[in-house]
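J.: Submitted below is the structure of interest, expressed as structure tokens.
The values are calculated or read from the model by the stated rules, or taken from the named source; none is laboratory data. A quick note: this is a predicted structure, and the numbers were derived from the prediction, not measured. Positions of Cβ are generated from backbone atoms using ideal geometry, with glycine treated the same way; all protein chains shown enter the neighbour counts.
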Amino acid sequence: MTINGSELWEDERAPEVAAPRMRIRTSADILATQTERPRELPRQTVFDARDVSVSYGEKTAIAGVTLQIQRNVVTAIIGPSGCGKSTFLRSLNRMNDSVPGFRLGGQVLYHGHDLYGPGVDRVEVRRRIGMVFQKPNPFPKSIYDNVAWAPRNLGMRHELDERVERALRGAALWDEVKDRLKASALGLSGGQQQRLCIARATAIEPDVLLLDEPASALDPIATAAIEELMHTLKRRYTIVIVTHNMQQAARVADRTAFFSLEERGAERVGALIEEDATQTIFGRPRDSRTRDYVSGRFG
Amino acid sequence: MSAAFDPTAPLTASGNLRRRRVVNRLAEGSANAAALLAVAVLGIVIASVAMRGAPALSLDFLTRTPPQFGGPGGGIAPAIVGTAIIVLLATAISVPIGVLVAIYLTELAGPRVVAAVRLALDLLNGLPSIVIGLFAFGLLVIGHGQSGFAGAVALSVIMVPLVARAAQEMLLLVPGTLRDAADALGVSRWRTIVGVVLPSALGGIVTGTVLAVARAAGETAPLFFTTSIFDNHVHWSPFGQALSNIPVMIFTLSEQADPYGYQRAWGAGLVLLTFILVANAVARSLAARSRAKMGVQ
């Protein structure tokens, strides 16, 4: 083991190996959930992005992104504003399709299937790949109906109450709302609303959760709750989280992908600079641009 | 000349300021007077209808049929029932169409089509109501005779653009983030629209509908062609015969040389006016409530 002088990381081996030995985690709970994770889990590729480029009309947003995302791992996407983090995330569940002028080059494979191949139904894609947005966006319905709406529409009416309770417990919201399930979701605080949105997304038991800066509109306490939640969620879901908060990436993610803007001809285009284990990205990144960014020299 | 005025002079009006002050007062005064006039006209209309119509009002007036051959007594029950049936039927026809048009415009259509359809709706809204009456006459009355249904169709042509535009405005207010949220849950587009988008805009759509109803209830011209030759009995079916209705009845009574008929016409006018004012008030309060609800979002 090499001591690299970083306060944050003691061990630069793969995160799943290092996790039990890590001391610098803010809470004991997080440490506990890290150790619980079964180590024998086979590495399984959920997303395989091959030379993906996205353009909106004339403007190219990202180009040449090749990235694999593994099962039951939290992958963080970091980078400066406008580097195409959200664009990449949203092309993983085809949320960009409704944007006028959207075009995607390359391939995104999901469990080996081309997400943009012929015969692929967007609705089915999103049924398996859920998403939580930057701003909490609960429906103007009751707390219960927010969670129950999608299962009802997808025909999962069997034991709906139990399903709603499970989703709310999973999002660490049950104890706060169990006595007012019929109350409007709009009466909840911002942090509660965002956890409700996570419960809503998990109520249909998707395979993947995409989180697009889920805590950027929240105060630090609510943020901590969401981050802690992610450590429990990753046991059941594959998580991809976009964040512009590097500390957050360091706290929650096993793998981190750094996106930045590259000059390509006359255009500045978002590109994947480096993807690796989180402590490698923050401790010993290979690329100087990554080093500059994580050490706060730009961005 | 360094200064056009003497800075040490007392600060009272000087030079052309006197004239400018007079012009200013005149302009302000005429704007105030115009605003007052607009309110006053409404007030005078309401007051005169109320003053002349109120003596006719009684329970009998609302619940009884008019006397067969003119003269005193009787009521306008057939016209109230007829107007209610015609307007309800017109609402039943126009609200589904109007809301579907609005859904198409906000959720499905491309921007160019939207501009074209909106223009069409605005033109439809501006069509002279007598032309709409002629249209319904040619379509439904020739060969079949007058009917309450034909009147309802004519009124629904007036209501569709009103409902569609009101619903469209409200659907546009529904935050896009809600559509994203529903889309991201793997729910089909139509379920998203019915389950999330429409309920969020429901208050505004109801408001627009009430305003359209208030507008249609007072329309006279389309009903002349379609449902104006009626008898003095209450009919419940909009098919087969013309239905008595308040606007046409007011006109018919005013054409006859029967002072009791004039009395009834004023009374009927007051009933119609009251309905329309109440409907507008209800629509306004509904609109305020639904805006408040959206504001929380």
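J.: Which residues, counting only those in region A:76-103, are within 14 Å of the chain's Cα centre (by Cα), aliphatic (A, V, I, L, M) and either in a helix (DSSP H, G or I) or within 14 Å of chain B (Cβ to nearest Cβ) (or both)?
T.: If the condition is that a residue be within 14 Å of the chain's Cα centre (by Cα), aliphatic (A, V, I, L, M) and either in a helix (DSSP H, G or I) or within 14 Å of chain B (Cβ to nearest Cβ) (or both), then A:Leu89, A:Leu92 are the ones that fit.
J.: Oh, and also: Hey, can you tell me all the residues within region B:262-295 that are more than 20 Å from the chain's Cα centre (by Cα) and at pLDDT 85 or above?
T.: B:Tyr262, B:Gln263, B:Arg264, B:Ala265, B:Trp266, B:Gly267
J.: List, please: which pairs have Cβ atoms under 6 Å, are six or more places apart or on different chains, and start with a residue in region B:179-195 that is free of Cβ contacts under 8 Å to residues at least 60 places away in the same chain and end with one that is of a type in the set (Ser, Thr, Tyr) and buried (at least 19 other Cβ atoms within 10 Å of the Cβ)?
T.: As it stands, the answer is B:Ala182/B:Thr192, since those pairs meet every condition given.
J.: Looking only at helices (runs of 4 or more DSSP H) that fall completely inside region B:167-235, which ones have 3 or more residues that are away from chain A (no Cβ under 14 Å)? Outline the logic, then answer.
T.: Numbers: elements: B:176-183, B:189-192, B:198-217, B:221-226.
Filter on region B:167-235 gives B:198-217, B:221-226.
J.: Pull up region A:139-155, narrow it to residues that are outside any helix (DSSP H, G or I) and more than 21 Å from A:Val125 (Cα to Cα), then point me to the one that is farthest from the other protein chains (Cβ to nearest Cβ). Break it down stepwise before answering.
T.: Keep residues of region A:139-155 that are outside any helix (DSSP H, G or I), which gives A:139-142, A:154-155.
Next, only the ones that are more than 21 Å from A:Val125 (Cα to Cα) stay: A:139-142.
Numbers: A:Phe139: 5, A:Pro140: 5, A:Lys141: 7, A:Ser142: 12 Å.
In this case the residue turns out to be A:Ser142.
J.: One residue is enough: does region A:206-223 have a residue meeting the conditions of a type in the set (Asp, Glu), within 14 Å of chain B (Cβ to nearest Cβ) and surrounded by 17 or more Cβ atoms within 10 Å (Cβ to Cβ)? Step through it out loud before you land on a result.
T.: Going residue by residue through region A:206-223, those that are of a type in the set (Asp, Glu) are A:207, A:212-213, A:219.
From the residues that got through so far, the ones that are within 14 Å of chain B (Cβ to nearest Cβ) too are A:207, A:212-213.
Going one step further and asking which of them are surrounded by 17 or more Cβ atoms within 10 Å (Cβ to Cβ), we end up with A:212-213.
Yes; the residues of region A:206-223 include at least one that is of a type in the set (Asp, Glu), within 14 Å of chain B (Cβ to nearest Cβ) and surrounded by 17 or more Cβ atoms within 10 Å (Cβ to Cβ).
J.: Another question, if that's okay. Would you be able to tell me the number of residues in region B:242-274 that are closer than 13 Å to B:Pro78 by Cα and in a loop (DSSP other than H, G, I, E, B)?
T.: Total satisfying the criteria: 4.
J.: Please go through (1) of a type in the set (Lys, Arg); (2) part of a helix (DSSP H, G or I); (3) surrounded by fewer than 20 Cβ atoms within 10 Å (Cβ to Cβ) for A:Arg200 and return the number of the only condition it doesn't satisfy.
T.: (3)
J.: While we're looking at this one, here's another question. Take region A:149-193 and flag every residue that is touching a strand residue (DSSP E or B) at 6+ places or on another chain (Cβ under 7 Å) and surrounded by 17 or more Cβ atoms within 10 Å (Cβ to Cβ).
T.: Our first condition is that a residue be touching a strand residue (DSSP E or B) at 6+ places or on another chain (Cβ under 7 Å); within region A:149-193, this holds for A:181-185.
A:Leu181, A:Ser184, A:Ala185 - these are the residues of region A:149-193 that are touching a strand residue (DSSP E or B) at 6+ places or on another chain (Cβ under 7 Å) and surrounded by 17 or more Cβ atoms within 10 Å (Cβ to Cβ).
J.: Pick out the one residue from A:His111, A:His158 that is modelled with pLDDT under 90, more than 14 Å from chain B (Cβ to nearest Cβ) and either more than 20 Å from the chain's Cα centre (by Cα) or farther than 27 Å from A:Glu227 by Cβ (or both).
T.: A:His158
J.: Continuing with this model, one more query. Restricting to strands (runs of 3 or more DSSP E) lying wholly in region A:212-292: which have 3 or more residues that are over 19 Å from the mean Cα position of the chain (by Cα) and either among the aromatic types (Phe, Trp, Tyr) or farther than 18 Å from A:Pro136 by Cα (or both)? I'd like the intermediate steps shown before the answer.
T.: Values: elements: A:238-242, A:255-264, A:267-277.
The qualifying strands (runs of 3 or more DSSP E) are A:255-264, A:267-277.
J.: Right, another one. Of all residues being assigned to a loop (DSSP other than H, G, I, E, B) and within 8 Å of chain B (Cβ to nearest Cβ) in region A:114-137, which is nearest to the chain's Cα centre (by Cα)? Just the residue, please. Spell out how you get there, then give the answer.
T.: Keep residues of region A:114-137 that are assigned to a loop (DSSP other than H, G, I, E, B), which gives A:115-121, A:133-137.
Filter again for within 8 Å of chain B (Cβ to nearest Cβ), leaving A:133, A:135, A:137.
Details: A:Phe133: 10, A:Lys135: 14, A:Asn137: 17 Å.
If we take residues in region A:114-137 being assigned to a loop (DSSP other than H, G, I, E, B) and within 8 Å of chain B (Cβ to nearest Cβ), then A:Phe133 is nearest to the chain's Cα centre (by Cα).
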